[in-house]
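Rule-based calculations on the coordinates, nothing more; no lab input. Owing to the predicted nature of the structure, the values given are computational and were not obtained by experimental measurement. Don't worry about glycine lacking a Cβ; one is built from the backbone with ideal geometry, like all the others, and counts go over all protein chains shown.
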Amino acid sequence: MKIEFRADNKKTELIDPKTSERKAIPSQVRHDPLTGRTARICHFMPLKWEKPDFDKLTAGTQSWCPFCPDKVLAVTPSFPPEILPEGRLIRDDMVLFPNLAPYDELGAVATLGGRHFTPMTEFTPEQIAKAFGLALEFFQKVHATGHPESVYHLINWNHMPPAGSSLIHSHLQVFASAHAPNLMRMELESAKAYMAANASNFWDDYVALEERVGERFLGRTGNAAWVLAYAPMGVAGDVVGVVEGKRSTLELTDADLLDLGEGLCRAMRAYDGMGIWGFNVNLFTGAAAGEEYARVHIVFSPRTFFNAALGASDVGALRNLYNETICMAFPEEIRDKLAPFFER
């Protein structure tokens with residue numbers, strides 16, 4: 001069992017309606033080197049989108065936003081004392097409180113500050129590290145209670161409507177669960193099998209190989225190594241940051257969080273230049289008990305509309321029902337666009 005970057009090349013032939021000549025359109029089916037999940041590189045289009053008028057988009061939303069400083073403590077719930085004696089956690093202008101639409105028993109929301117609308121290019125590594133740190137404080141506190149759901153400690157971030165956010169105000173979904181989400185479970189099972197077969201950690205070997213090959217490697221920010229995913233989930237590629245030596249969320253340090261914040265900010269600036277203005281971020285982790293085959297890694301996936309005028313999502317039937325993903329450019333080409341931002 002070894003790391004393999006496998007791709008099946010395809011070709012669609014058709015007759016061009018303008019020239020009546022035969023035309024060949026290439027595509028590719030790539031296999032994720034860890035899980036074997038497939039992704040299609042196709043629908044080749046320029047990686048350039050038009051941003052909306054943000055003043056028009058956000059107009060009036062602050063008046064009813066439940067996460068703004070004038071309302072957040074009045075309208076959001078508190079945890080019961082056996083979960084969190086303080087009810088909520090507060091760091092300066094960031095607030096963590098129970099999620100009214102929780103994904104699991106231990107579900108919270110954490111705001112990224114009091115500012116109502118923050119464009120991608122105006123987040124700072126320190127701000128992201130502080131918000132992640134607030135989430136980590138929550139995880140540590142609930143873990144100390146011995147709660148049976150305190151196994152996997154997860155952070156999700158949906159930024160702006162293209163990414164599925166129903167609110168403009170930046171916030172994180174923060175939750176702990178005894179049940180790993182589907183893709184994370186697949187990764188953990190595959191990483192465990194890889195270690196059994198090779199007596200080494202997949203993620204350590206993967207980062208070393210990608211850095212040596214260089215086609216998709218972006219660079220490092222302290223303890224985090226950044227790479228373009230070989231078989232991306234997103235239509236414009238995914239940026240993956242792997243934290244060296246850390247098996248679970250609870251092992252992350254303040255320095256690790258700052259390293260992740262730095263890498264995410266660089267990715268945001270790079271994709272902003274393409275006209276992207278929304279993204280998803282997920283933290284992937286091993287169990288709190290510590291699993292040697294696991295490595296904490298974060299995935300940044302830019303989100304957009306296929307047709308902005310119609311609000312057409314970039315997630316269609318292929319992704320939603322087959323869980324088969326589409327990327328509109330080769331990750332190696334996307335890497336060339338992002339690499340300069342990771343050299344700074």
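Less than 13 Å Cβ to Cβ from VAL242, Lys/Arg counted +1 and Asp/Glu -1: what total charge do the surrounding residues give?
Taking every other residue near VAL242 into account, the sum is -4.
Using a cut-off of 14 Å between beta-carbons, work out the net charge of the residues near LEU57 (Lys and Arg +1, Asp and Glu -1, LEU57 not included).
That sum, taken over residues with Cβ under 14 Å, equals -1.
Lys and Arg at +1, Asp and Glu at -1: add these up for the other residues within a Cβ distance under 12 Å of SER190 and post the number.
With Lys, Arg at +1 and Asp, Glu at -1, the net is 0.
Tell me whether the stretch 37-151 comes out rounded, prolate or oblate; compute the Cα gyration tensor, take square roots of the eigenvalues as a ≥ b ≥ c, and use a/c under 1.5 as the rounded threshold.
oblate
Kindly provide the helix-only [θ] at 222 nm of the chain, computed as the sum of -39,500 (n - 2.57) over DSSP H runs of four or more divided by all residues, to the nearest 500 deg cm²/dmol?
Rounded to the nearest 500, the figure is -8500 deg cm²/dmol.
Using modelled amide H (1.01 Å from N, peptide plane; none on Pro or chain starts), what sits under 5 Å from the amide H of TRP49, excluding residues fewer than 5 places away?
Counting only residues 5 or more places away or on other chains, the set is GLY275, ILE276.
Which distance in nm do the two modelled labels at GLU126 and MET186 give, with both placed 7 Å along the Cα-to-Cβ direction?
Calculated label separation equals 4.0 nm.
Pop out the ³J(HN,Hα) list for the stretch 127-133 in order, Karplus 6.51 cos²θ - 1.76 cosθ + 1.60 with θ = phi - 60°, rounded to Hz; leave Gly and Pro as x.
5, 5, 4, 5, 5, 5, x
Per residue, how much space in cubic angstrom lies within the convex hull of the C-alpha atoms of the stretch 54-342?
131 Å³
How do the peptides 54-61, 312-319 rank, highest first, by the average count of neighbouring beta carbon atoms within 10 Å per residue?
So the order, starting with the most tightly packed, is 312-319, 54-61.
Determine ³J(HN,Hα), in whole Hz, for all residues of the stretch 94-104 in sequence, where each value follows from phi through the Karplus function 6.51 cos²θ - 1.76 cosθ + 1.60 and θ = phi - 60°; x replaces Gly and Pro.
Those phi angles translate into 9, 10, 10, 8, x, 7, 5, 10, x, 8, 6 Hz.
If you build the Cα gyration tensor of the stretch 211-333 and take the root of 5 times each eigenvalue, what three semi-axes come out, in whole angstrom, biggest first? Intermediate results must be reported in sequence, preceding the final value.
On the way: eigenvalues 144, 55, 39 Å².
Calculated on Cα positions only, the semi-axes equal 27, 17, 14 Å.
In whole percent, what relative contact order does the stretch 54-342 give with Cα contacts below 8 Å and a gap of six or more residues?
Values: 561 pairs, mean separation 56.0, N = 289.
It rounds to 19 percent for the stretch 54-342.
Return the sequence-ordered ³J(HN,Hα) values of the stretch 195-208 in whole Hz as given by the Karplus equation 6.51 cos²θ - 1.76 cosθ + 1.60 applied to θ = phi - 60°, using x for Gly and Pro.
Per-residue couplings from phi come out as 5, 5, 7, 10, 6, 8, 7, 3, 5, 5, 5, 5, 4, 4 Hz.
Using only alpha carbon pairs under 8 Å that are at least six residues apart, calculate the relative contact order of the stretch 126-184 and give it in whole percent. Walk me through the intermediate numbers first.
On the way: 55 pairs, mean separation 18.8, N = 59.
In percent, rounded to a whole number, it is 32.
Mind sorting ARG266, ARG88 by how few other Cβ atoms lie within 10 Å of their own Cβ, fewest first?
By the 10 Å Cβ count, ascending: ARG88, ARG266.
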